[in-house]
Amino acid sequence: MTPFGSTGREVPAIGQGSWYIERGDRAEAVAALRRGLDLGLTHLDTAEMYGDGRSEAIIGEAIAGWREEVFLVSKVLPHNASKAGVRAACERSLRHLKTDRLDCYLLHWRGPHPLAETFAAFEDLKAQGKILSWGVSNFDEDDLDEALAVAGPGKIACNQVLYHLRERAIEHAVIPWCERNGVAVTAYSPFGHDGFPTTGSPGGQVLGEIASAHGASPRQVALAFLTRRPSVFAIPKAGTQAHVEDNAGALRLRLTEGDLARIDAAFPLGRKPSSLPML
């Protein structure tokens, strides 16, 4: 368990995402989420966008009886991020999730409404106890500078961004910025979007060799690499209990400096892109 940004909460480095979870069998998805909770994956992430609230409803069913142990995160769509829109969106999410509060509420990405208006709405919700902290998603370094200027220090709890072995752009500036300012980094799509290295690829072979040396799986090695810094958390989605059990195994995996160097060489950082990649 690691401190999650400025929230003061201890959160596991590996959590559970829910993008597209509503497309599978609902009972199986609920069972997988509950199995993850049993294994300590108590950081659950969702958004109003995911299945138009259906993902939130699945999460709400899964966390029944677990609410006090769960660190629950949802996100507001940019076009709903006006002062009144944030309030209405949050109320809908709370209804779907069958809870009275969110542990963290994020702006999904930048949109038409001024950050000052969105953040003021977040602060109002926080004062009412409907959210305990708030943050952003898909914010690059320049966006974070502006957000900090608007909000002031200690307010932005999290920046949720795309991060996987083949997409390490956030290591250039976003992670260092967040570490300097006490902001947690949450990696979404940590296996890539249908693009995890195959067994026969050069990178896949490296992952496989390291996994074999540790009695682990290649995906566990990837998660351990991505969360090697205490500022970074990952939220892989798992639609089955077997998949979530594999993800949870990454919490116990400790890579050596040699392992990290091999992975770094197999999946090089590359040059800083002109804009932050996102899905």
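Does the range 52-74 include one or more residues that are farther than 14 Å from A238 by Cβ, touching a Gly at 6+ places or on another chain (Cβ under 9 Å) and in contact (Cβ under 8 Å) with a residue 60 or more places away in the chain?
Taking every residue of the range 52-74 in turn, at least one turns out to be farther than 14 Å from A238 by Cβ, touching a Gly at 6+ places or on another chain (Cβ under 9 Å) and in contact (Cβ under 8 Å) with a residue 60 or more places away in the chain.
Of the residues that sit in the range 1-42 and are out of contact with any helix residue (DSSP H, G or I) (no Cβ under 7 Å at 6 or more places or on another chain) and β-branched (V, I, T), which one is surrounded by the fewest Cβ atoms within 10 Å (Cβ to Cβ)? It comes out as T2. If only residues of the range 72-108 that are more than 20 Å from G60 (Cα to Cα) and among the polar types (S, T, N, Q) are counted, the one that is surrounded by the most Cβ atoms within 10 Å (Cβ to Cβ) is N80. In the range 245-259, the residues that are over 12 Å from L223 (Cβ atoms) reach residues that are of a type in the set (A, V, I, L, M, F, W, C) with C-beta atoms within less than 7 angstrom, at least six apart or across chains, in these pairs: E245/L39; D259/I210. For the range 188-203, the set of residues classified as part of a loop (DSSP other than H, G, I, E, B) and of a type outside the set (F, W, Y) consists of S189, P190, G192, H193, D194, G195, P197, T198, T199, G200, S201, listed by residue number. Here K272 passes the criteria (1) of a type in the set (D, E, K, R); (2) under 24 Å from T46 (Cα atoms); (3) surrounded by fewer than 16 Cβ atoms within 10 Å (Cβ to Cβ) except the one numbered (2). Tallying residues that are more than 23 Å from the chain's Cα centre (by Cα), part of a helix (DSSP H, G or I) and over 16 Å from F267 (Cβ atoms) within the range 204-246 yields 3.
This table checks each residue for (1) at pLDDT 95 or above; (2) of a type in the set (G, A, S); (3) part of a helix (DSSP H, G or I).
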| residue | (1), (2), (3) |
| --- | --- |
| S6 | no, yes, no |
| E28 | yes, no, yes |
| L33 | yes, no, yes |
| L41 | yes, no, no |
| L44 | yes, no, no |
| E48 | yes, no, no |
| G51 | yes, yes, yes |
| R54 | yes, no, yes |
| A57 | yes, yes, yes |
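In the range 109-142, the qualifying residues are those that are surrounded by fewer than 19 Cβ atoms within 10 Å (Cβ to Cβ), farther than 22 Å from L94 by Cα and of a type in the set (D, E), and the one that is nearest to the chain's Cα centre (by Cα) is E141.
Please go through the range 214-233 and give me each residue that is touching a Ser or Thr at 6+ places or on another chain (Cβ under 9 Å) and surrounded by fewer than 13 Cβ atoms within 10 Å (Cβ to Cβ), ordered by number. Of everything in the range 214-233, just one residue is touching a Ser or Thr at 6+ places or on another chain (Cβ under 9 Å) and surrounded by fewer than 13 Cβ atoms within 10 Å (Cβ to Cβ), namely P230. Can you pull out the residues in the range 43-70 that are out of contact with any strand residue (DSSP E or B) (no Cβ under 6 Å at 6 or more places or on another chain), farther than 18 Å from R95 by Cβ and crowded, with 18+ Cβ neighbours inside 10 Å? Within the range 43-70, none qualify.
The values are calculated or read from the model by the stated rules, or taken from the named source; none is laboratory data. Since the structure is predicted, the reported quantities are computational estimates derived from the model, not experimental observations. Methodologically, a virtual Cβ is constructed for each residue, glycine included, from the backbone with ideal geometry; neighbour enumeration extends over all protein chains shown.
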